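K.L.:
Right, I'll just put the structure down here and ask away after.
Taken together, the values in this text are just the output of simple stated rules run on the coordinates, not laboratory data. Source: prediction; values computed, not measured. Quick reminder, even Gly has a Cβ in these numbers, built from the backbone with ideal geometry, and neighbours come from all protein chains shown.
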There are 2 protein chains.
Amino acid sequence: MVVESARARTLSHVEPAEVPLQVALDALADPVRRSILRDLATHDEWTRACGTFDLPVKKATASHHFAVLRSAGLIEQRDEGARRLNRLRRPEFDKSFPGLLAATVDRED
Amino acid sequence: MVVESARARTLSHVEPAEVPLQVALDALADPVRRSILRDLATHDEWTRACGTFDLPVKKATASHHFAVLRSAGLIEQRDEGARRLNRLRRPEFDKSFPGLLAATVDRED
């Protein structure tokens, strides 16, 4: 029997192929969200937990940023014990938005 | 003697090299502004006057969108009689933001 926590059940994801360009651009047009994506782009998948990012915002705001990135098909998240792990959805996002991560995340602000 | 109109004097431009990524993304993250850029991308330079764009907004709002595009180094404007002509600053913007126009303007929303 699989027992899901309420927390895990609320984790909804959106496929990059279903994301409008406007939603992708809105997600990328924020410096905190770009810093999260750059962090993920330079670490192995599923090695970065939400709590370990060094962000200049409160926890609730950080949670909002992660949710926006998930809704834009930019990240995937899964809970592992008390930690919420992340991966950048690079290949699938690149397929739907060729060149967009390269032009925004693979460079400095 | 060169007599400039007040209108022409207020036309300030920003070089793409001076534009932060945040400003470029904010300018591109609007569907009306992307439609202006797509129009310019598919016409010869300096052939499109502001009044000739088919935009779903009032004139004052349209003027604001053109000003935002100018401030982000995306378009160049010049007055010719009563017309304000436009060009997409493609080569210089591409140099500062490689791939960004390709990923946002050279595709559908």
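K.L.:
In the range A:59-81, is there at least one residue being under 18 Å from residue B:26 (Cα atoms) and of a type in the set (S, T, N, Q)?
P.N.:
No, every residue in the range A:59-81 fails to be under 18 Å from residue B:26 (Cα atoms) and of a type in the set (S, T, N, Q).
K.L.:
Has the range A:85-95 got at least one residue that is out of contact with any His (no Cβ under 6 Å at 6 or more places or on another chain), surrounded by fewer than 18 Cβ atoms within 10 Å (Cβ to Cβ) and within 12 Å of another protein chain (Cβ to nearest Cβ)?
P.N.:
yes
K.L.:
Another one. Please find, among A:94, A:79, the residue that is more than 13 Å from the chain's Cα centre (by Cα), acidic (Asp, Glu) and not in a helix (DSSP H, G or I).
P.N.:
A:79
K.L.:
Same structure again: Check off (1) under 23 Å from residue A:103 (Cβ atoms); (2) crowded, with 16+ Cβ neighbours inside 10 Å; (3) charged (D, E, K, R) for residue B:48 and give me the number that stays unchecked.
P.N.:
Evaluating residue B:48 over (1) under 23 Å from residue A:103 (Cβ atoms); (2) crowded, with 16+ Cβ neighbours inside 10 Å; (3) charged (D, E, K, R) leaves (1) as the failure.
K.L.:
Moving to a separate point now. Kindly indicate the residue of the range B:22-58 that is hydroxyl-bearing (Ser, Thr, Tyr) and in a loop (DSSP other than H, G, I, E, B) and also nearest to the other protein chains (Cβ to nearest Cβ) among those meeting that condition. Before you say what the answer is, go through the steps one by one.
P.N.:
We begin by selecting, within the range B:22-58, every residue hydroxyl-bearing (Ser, Thr, Tyr); these are B:35, B:42, B:47, B:52.
With the extra rule that they be in a loop (DSSP other than H, G, I, E, B), the set shrinks to B:42, B:47.
Values: B:42: 17, B:47: 26 Å.
Looking at residues that are hydroxyl-bearing (Ser, Thr, Tyr) and in a loop (DSSP other than H, G, I, E, B), I get B:42.
K.L.:
Inspect all residues belonging to the range A:101-109 and state whether any of them is within 14 Å of chain B (Cβ to nearest Cβ), touching a Pro at 6+ places or on another chain (Cβ under 7 Å), closer than 17 Å to residue B:29 by Cβ and surrounded by 15 or more Cβ atoms within 10 Å (Cβ to Cβ).
P.N.:
So far as the range A:101-109 goes, yes, one or more of its residues are within 14 Å of chain B (Cβ to nearest Cβ), touching a Pro at 6+ places or on another chain (Cβ under 7 Å), closer than 17 Å to residue B:29 by Cβ and surrounded by 15 or more Cβ atoms within 10 Å (Cβ to Cβ).
K.L.:
Residue B:67: within 14 Å of another protein chain (Cβ to nearest Cβ), in a helix (DSSP H, G or I) and without any contact (Cβ under 8 Å) to a residue 60 or more places away in the chain, yes or no?
P.N.:
no
K.L.:
Considering only residues that are within 12 Å of chain B (Cβ to nearest Cβ) and outside any helix (DSSP H, G or I), look in the range A:11-21 and name the one that is farthest from the chain's Cα centre (by Cα).
P.N.:
A:20
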